[in-house]
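S.K.: This is the structure, below, for whatever I ask next.
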Amino acid sequence: MSNENSSKPEAENPEEFTGLKRGKIKTIAAGIPAVVSSMEKVVGEAGFARGMKALWSLNKKGGFDCPSCAWPDPDDERSGVAEYCENGARAVAEEATAKKLTAAFFTENSVQDLARLSDYEIGSKGRVAQPMYLPKGATHYQEISWDDAFEKIAATLKSLPSPDEAIFYTSGRTSNEAAFLYQLLVRQYGTNNLPDCSNMCHESSGVALGESLGIGKGSVTLADFYEAEAIIILGQNPGTNHPRMLTALQKAKRNGAKIISANPLPETGLMGFSNPQTVKGVLDIDTDLTDLFLHIRINGDMALLKAIQILLIQEDDKNPGSVLDLDFIEKNTLGVSEFKQHLQQQNLDELVKISGIPLEEIQKTVEILKHKKRIIVCWAMGLTQHKNAVDTIKEVVNLLLLKGSIGKPGAGTCPVRGHSNVQGDRTMGIFEKPPVALLEKIEANFLFSPPKEHGFDVVNSIKAMHAGKAKVFFAMGGNFLSATPDTNYTAEALRQCRLTVHVSTKLNRSHLVHGEEAIILPCLGRSDMDMVKGENQFVSCENSMGVIQSSKGVLQPISDDLLSEPLIVCKLAKALFGESSVVDWNKFTEHYDFIRDAIEKTIPGFDDYNIRVRIPGGFYLPNCNREGSFNTESKKAHFNIAEVTTMPMEKDELMMMTIRSHDQFNTTVYGLNDRYRGIYNERRVILMNEKDIADRGLQDGDVVDLINNHDGIERVANKFIVIKYPVPQGCSATYFPETNVLVPVTSVADKSNTPTSKQVILKVKKHEVASV
Ligand SMILES: Nc1nc2c(c(=O)[nH]1)N[C@H]1C(S)=C(S)[C@@H](COP(=O)(O)OP(=O)(O)OC[C@H]3O[C@@H](n4cnc5c(=O)[nH]c(N)nc54)[C@H](O)[C@@H]3O)O[C@H]1N2
Ligand SMILES: Nc1nc2c(c(=O)[nH]1)N[C@H]1C(S)=C(S)[C@@H](COP(=O)(O)OP(=O)(O)OC[C@H]3O[C@@H](n4cnc5c(=O)[nH]c(N)nc54)[C@H](O)[C@@H]3O)O[C@H]1N2
Ligand SMILES: [Mo]
């Protein structure tokens, strides 16, 4: 809730409307409007020559990895024409912008003034062009030299009674090279407090897959899509968030795959697709993508999956082995009989009711899957950000195990990752719970003893700062304040810190809601050239399917005062540990090949890193599931038994999911439209079912306040416009970050501690206009 009398900079977006316009929900994604829209944006931000140069090099051999999502490039096509999508182009436009913020900008604009702007307005200011410092009590950021900034950070870190009083966050754009050095610095300093955006994203997938299958990553490659007989898409909006996935789905479909998707919203990209990069696509000739759309209730997935499995088993009982892969189950899995018993005890009617999908639709799903032997299941935030997320994802695994659909071509798990290098950052050791093997390798290679105790994840970091147990917050990218739950609580937590530091490309709200002192360290982005000793260095990233590829920027940086992330880490390390450090930080600044050599020695799967990363298209990391084995303790895949649980709700309450509009990348708001959903020029909206609107005596277009009561605390987000939308009764949707104020920091997924951003219980109340 905003507090106009507060002397503190605003943690929330202003409660102002921007002027809602309505259109029809689109039935086809991409096509001409997407191409036009992306070109306009890049040229508008970066200018023609700079914009075209950037687009031409995107995802191209010798070019840079798209900073948007983690969807892979086709293995054989990276060297061909650039592969990009509308939203990839926008991510590039954001970064390639010619607008820059120097000290003069910060002298003119106080922190408070900037915080009164919306995230959209803050983001459109431009790239931070020089290091900035906010002294204690100051109202404006002022310039600081790089050396002084590093000295200040090092001095504050050294003054802490324990290294565990510092927190080192990572967002998912950081390259392998920067991430590796960063975790090394943090561990040499003495803590495992390495929370990352993954804690809010696919942590539930990592936990579930690790426990069930022995590897916390997905098993499929892009080629598997082309061999699949059925593809199930749960809780994902690829048209907006992974547009290049639509090309793969289109190809899969042409090869005969059936596509089933389950979503509380009939998302445009799931329904139809026209590929903007083909002639037909330009002519807007579309493909129907989904063969069967299941209009599921929020968190109905586990019930749906159980119902499907019950019916599949019933079919198999008629002729054993005709539906289930009994050989696979016998050879590779543990716990099938207990699992079957558990299913027998389930009440099918109840499962149908919880899922919200009529039995006939579930039977149609079973008809499609019954004789298919090669099935892929894809999922994203619609499964991971719920209280029972880990068990729901294990239920996905149960289904694949029954069908023997893992460890063979055309089949397997596909958690579709978000940030372009979020998977790579984890591989590099950005993890608050480091495996023992990693720590042993660090000790052997770098001759210091890294801390063994687990550190704080995102939610525990917020709580620790709030309780005054952590005093320094350092972020390698991201926008911690706006991305995390419970905005006002997190703001209080950050304000408790002695020092908050952000390594950033663009200005965001986390720079404005700060500790006693604050520092912004401006860095190069993916598209920028990174010159070291006369050579443009490349870095590398891991995509959603475990392929490591190089990425080399092409644009002249907008300022001479930007440093690369690897260099920032090395310089901070030198300020912190001095020249006598056991780790030779100087060496890493000479050439990034030296960093890759260190990675090769420390992280499994990176043999001949410097050679293989130079092969066009890169290389695959080892993946036990893909190779048909399971790295669990028993060396078998595990069936998981979990009961379907629901969150208790009062009659007038709604379940709300916080989702992305078409015009945003997480907390970066590119624009105010959500074109596919037919919502224009406004983000303060709540999508509701027609009947729920009527039951509350409301009308489409009314202004309401959203109220969440959790653990005895009332959280309120004021002024949202009601929009009638085909969402199941009892369910609703809003955009984050505006409604992160409603996501309780205490409401997290079991086992993964991921905030339940798709499962927020709320009441809507007509907004009272204050009398004057
Ligand atoms: N353009 C663009 N691309 C992005 C991003 C972006 O913000 N913009 N973000 C990146 C990141 S970090 C990530 S993690 C991914 C996110 O990619 P997505 O997971 O696709 O993103 P969300 O908008 O959170 O959408 C969640 C989808 O799940 C559905 N859903 C919600 N709850 C449930 C449920 O209980 N069951 C089912 N079956 N469906 C449900 C919602 O209706 C919505 O379609 O995208 C990445 N790519
Ligand atoms: N309610 C709700 N909350 C959510 C989610 C949700 O679905 N609902 N989704 C969650 C998910 S899946 C994720 S991944 C998190 C995302 O959380 P974050 O990763 O923390 O957030 P982003 O908005 O991606 O961060 C954007 C900022 O990163 C900086 N940046 C961009 N590129 C670079 C770069 O190359 N280097 C550096 N150093 N900085 C850069 C810019 O300053 C920009 O402002 O949010 C989570 N929060
Ligand atoms: Mo994410």
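The values are calculated or read from the model by the stated rules, or taken from the named source; none is laboratory data. What you see is a predicted model, and the numbers here were worked out from it, not measured in a lab. Cβ atoms come from the backbone with ideal geometry, glycine included; neighbour counts cover every protein chain shown.
S.K.: Quick one: which residue in Met647, Met655 is touching a Cys at 6+ places or on another chain (Cβ under 9 Å) and over 22 Å from Gly478 (Cα atoms)?
M.R.: Matching residue, one of Met647, Met655: Met655.
S.K.: Then there is this: Within region 318-344, can you find the residues that are part of a loop (DSSP other than H, G, I, E, B) and under 36 Å from the mean Cα position of the chain (by Cα)?
M.R.: Of everything in region 318-344, those that are part of a loop (DSSP other than H, G, I, E, B) and under 36 Å from the mean Cα position of the chain (by Cα) turn out to be Val323, Leu324, Asp325, Gly335.
S.K.: Could I ask something else about it? Just to be sure before I move on: is Leu672 hydrophobic (A, V, I, L, M, F, W, C), under 23 Å from the mean Cα position of the chain (by Cα) and within 23 Å of Leu304 (Cβ to Cβ) in the structure I sent?
M.R.: No, not satisfied.
S.K.: Counting only residues that are in the same structural domain as Ala467 (by TED's automatic domain parsing) and more than 32 Å from the chain's Cα centre (by Cα), give me the helices (runs of 4 or more DSSP H) lying completely in region 108-169 with at least 1 of them.
M.R.: Result: 146-159.
S.K.: Is there a residue being exposed (fewer than 13 other Cβ atoms within 10 Å of the Cβ) and on the phi > 0 side of the Ramachandran plot anywhere in region 320-341? Write out each step before concluding.
M.R.: Quick first cut of region 320-341, residues exposed (fewer than 13 other Cβ atoms within 10 Å of the Cβ) only: 320-322, 327, 330-331, 337-338, 341.
Going one step further and asking which of them are on the phi > 0 side of the Ramachandran plot, we end up with 321.
For region 320-341, residues exposed (fewer than 13 other Cβ atoms within 10 Å of the Cβ) and on the phi > 0 side of the Ramachandran plot: present.
S.K.: While we're here: Looking only at residues that are in contact (Cβ under 8 Å) with a residue 40 or more places away in the chain and of a type in the set (S, T, N, Q) in region 94-123, which one is farthest from Ser7 (Cα to Cα)?
M.R.: The extreme case among them is Thr97.
S.K.: On to the next question. Against the definition (touching a helix residue (DSSP H, G or I) at 6+ places or on another chain (Cβ under 7 Å), crowded, with 23+ Cβ neighbours inside 10 Å and modelled with pLDDT under 95), how does Ser544 come out, yes or no?
M.R.: Answer is yes for this residue.
S.K.: Here are some conditions: (1) over 20 Å from Pro14 (Cα atoms); (2) surrounded by fewer than 18 Cβ atoms within 10 Å (Cβ to Cβ); (3) away from ligand 2 (no atom under 16 Å from the Cβ). Thr746 meets all but one. Which one does it not meet?
M.R.: In the conditions (1) over 20 Å from Pro14 (Cα atoms); (2) surrounded by fewer than 18 Cβ atoms within 10 Å (Cβ to Cβ); (3) away from ligand 2 (no atom under 16 Å from the Cβ), Thr746 misses (3) alone.
S.K.: A further question on this structure: Mind checking which pairs have a first residue in region 753-772 that is farther than 21 Å from Val458 by Cβ and a second that is within 16 Å of ligand 3 (Cβ to nearest atom) and polar (S, T, N, Q), Cβ under 6 Å, 6 or more apart or different chains?
M.R.: Close Cβ pairs (under 6 Å, with a partner that is within 16 Å of ligand 3 (Cβ to nearest atom) and polar (S, T, N, Q)) do not exist here.
S.K.: Further question on the same structure: In the set Asp652, Asp663, which member is more than 16 Å from ligand 2 (Cβ to nearest atom) and not assigned by TED's automatic domain parsing to the domain that holds Ala380?
M.R.: Result: Asp652 is the single residue among Asp652, Asp663 that is more than 16 Å from ligand 2 (Cβ to nearest atom) and not assigned by TED's automatic domain parsing to the domain that holds Ala380.
S.K.: In region 485-504, what residues are polar (S, T, N, Q) and either within 19 Å of the chain's Cα centre (by Cα) or within 15 Å of ligand 2 (Cβ to nearest atom) (or both)?
M.R.: Those that are polar (S, T, N, Q) and either within 19 Å of the chain's Cα centre (by Cα) or within 15 Å of ligand 2 (Cβ to nearest atom) (or both): Thr487, Asn488, Thr490, Thr500, Ser504.
S.K.: Starting from region 349-365, keep only residues that are touching a residue at least 24 places away in the same chain (Cβ under 8 Å) and farther than 14 Å from Arg297 by Cα, then list their pairs with residues that are assigned to a helix (DSSP H, G or I) and of a type in the set (D, E, K, R) whose Cβ atoms are within a distance under 6 Å, requiring at least 6 positions of separation or different chains.
M.R.: Filtered contacts from region 349-365: no entries.
S.K.: A follow-up question, please. Given the residues Val727, Val704, which is the only one that is farther than 28 Å from Phe456 by Cβ, of a type in the set (A, V, I, L, M, F, W, C) and outside any strand (DSSP E or B)?
M.R.: Val727
S.K.: Counting only residues that are more than 14 Å from Ile28 (Cα to Cα), outside any helix (DSSP H, G or I) and among the hydrophobic types (A, V, I, L, M, F, W, C), how many does region 226-274 have?
M.R.: 11
S.K.: Can you tell me which residue among Pro238, Pro195, Pro264 is farther than 17 Å from Gly546 by Cα, within 16 Å of ligand 2 (Cβ to nearest atom) and outside the structural domain of His295 (by TED's automatic domain parsing)?
M.R.: Testing whether each residue is farther than 17 Å from Gly546 by Cα, within 16 Å of ligand 2 (Cβ to nearest atom) and outside the structural domain of His295 (by TED's automatic domain parsing) leaves just Pro195.
Every residue, every condition in (1) assigned to a strand (DSSP E or B); (2) within 12 Å of the chain's Cα centre (by Cα); (3) not aliphatic (A, V, I, L, M), yes or no:
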residue: Leu383; (1), (2), (3): no, no, no
residue: Asp391; (1), (2), (3): no, no, yes
residue: Val396; (1), (2), (3): no, no, no
residue: Ser405; (1), (2), (3): no, no, yes
residue: Gly410; (1), (2), (3): no, no, yes
residue: Thr413; (1), (2), (3): yes, no, yes
residue: Arg417; (1), (2), (3): no, yes, yes
residue: Pro434; (1), (2), (3): no, no, yes
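S.K.: Another question, if that's okay. Here are some residues: Leu234, Leu185, Leu213. Which one is buried (at least 24 other Cβ atoms within 10 Å of the Cβ) and more than 21 Å from Arg526 (Cβ to Cβ)?
M.R.: Criteria check complete, one pass: Leu213.
S.K.: Considering Ser212, Ser204, Ser219, Ser198, which residue is away from ligand 3 (no atom under 16 Å from the Cβ), part of a helix (DSSP H, G or I), touching a Lys or Arg at 6+ places or on another chain (Cβ under 9 Å) and of a type in the set (Gly, Ala, Ser)? Let's see the steps before the verdict.
M.R.: Details: Ser204 fails: away from ligand 3 (no atom under 16 Å from the Cβ); Ser219 fails: part of a helix (DSSP H, G or I); Ser198 fails: away from ligand 3 (no atom under 16 Å from the Cβ).
Answer to the check: Ser212.
S.K.: Just wondering, is there one or more residues in region 158-173 that are out of contact with any Gly (no Cβ under 6 Å at 6 or more places or on another chain), β-branched (Val, Ile, Thr) and within 16 Å of ligand 1 (Cβ to nearest atom)?
M.R.: Yes, because at least one residue in region 158-173 is out of contact with any Gly (no Cβ under 6 Å at 6 or more places or on another chain), β-branched (Val, Ile, Thr) and within 16 Å of ligand 1 (Cβ to nearest atom).
S.K.: Within region 455-467, is even one residue assigned by TED's automatic domain parsing to the domain that holds Leu184, under 15 Å from Pro163 (Cβ atoms) and among the basic types (Lys, Arg)?
M.R.: For region 455-467, residues assigned by TED's automatic domain parsing to the domain that holds Leu184, under 15 Å from Pro163 (Cβ atoms) and among the basic types (Lys, Arg): absent.
S.K.: Working only within region 397-419, note down all residues that are more than 16 Å from ligand 1 (Cβ to nearest atom) and small (Gly, Ala, Ser).
M.R.: If the condition is that a residue be more than 16 Å from ligand 1 (Cβ to nearest atom) and small (Gly, Ala, Ser), then Gly404, Ser405, Gly407, Gly410, Ala411, Gly412 are the ones that fit.
Each row is one residue, and each column tells you yes or no for (1) touching a helix residue (DSSP H, G or I) at 6+ places or on another chain (Cβ under 8 Å); (2) outside the structural domain of Pro755 (by TED's automatic domain parsing); (3) away from ligand 1 (no atom under 16 Å from the Cβ).
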| position | (1), (2), (3) |
| --- | --- |
| Ala475 | yes, yes, no |
| Ser482 | yes, yes, no |
| Val501 | yes, yes, yes |
| Lys506 | yes, yes, no |
| Ile519 | yes, yes, yes |
| Cys523 | yes, yes, yes |
| Met529 | no, yes, yes |
| Val532 | yes, yes, yes |
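S.K.: Out of (1) crowded, with 24+ Cβ neighbours inside 10 Å; (2) within 16 Å of ligand 3 (Cβ to nearest atom), what's the single condition that is false for Thr739?
M.R.: (2)
S.K.: I'm checking my understanding of the structure. Among residues of region 402-433 that are surrounded by fewer than 24 Cβ atoms within 10 Å (Cβ to Cβ) and among the small types (Gly, Ala, Ser), which one is farthest from ligand 3 (Cβ to nearest atom)?
M.R.: Among those residues, the one meeting the criterion is Gly404.
S.K.: Scanning region 244-258 for residues that are in contact with a helix residue (DSSP H, G or I) (Cβ under 6 Å, 6 or more places away or on another chain) and over 25 Å from Thr658 (Cβ atoms), which turns out nearest to ligand 2 (Cβ to nearest atom)?
M.R.: Ala248
S.K.: Considering Thr645, Thr668, which residue is within 16 Å of ligand 2 (Cβ to nearest atom) and of a type in the set (Ser, Thr, Tyr)? Steps first, please.
M.R.: Details: Thr645 fails: within 16 Å of ligand 2 (Cβ to nearest atom).
Selected residue: Thr668, the only one of Thr645, Thr668 that is within 16 Å of ligand 2 (Cβ to nearest atom) and of a type in the set (Ser, Thr, Tyr).
S.K.: A follow-up question, please. Can you go through Pro728, Pro737 and tell me which one is over 30 Å from Gly123 (Cα atoms) and modelled with pLDDT of 95 or more?
M.R.: Exactly one residue qualifies, and that residue is Pro728.
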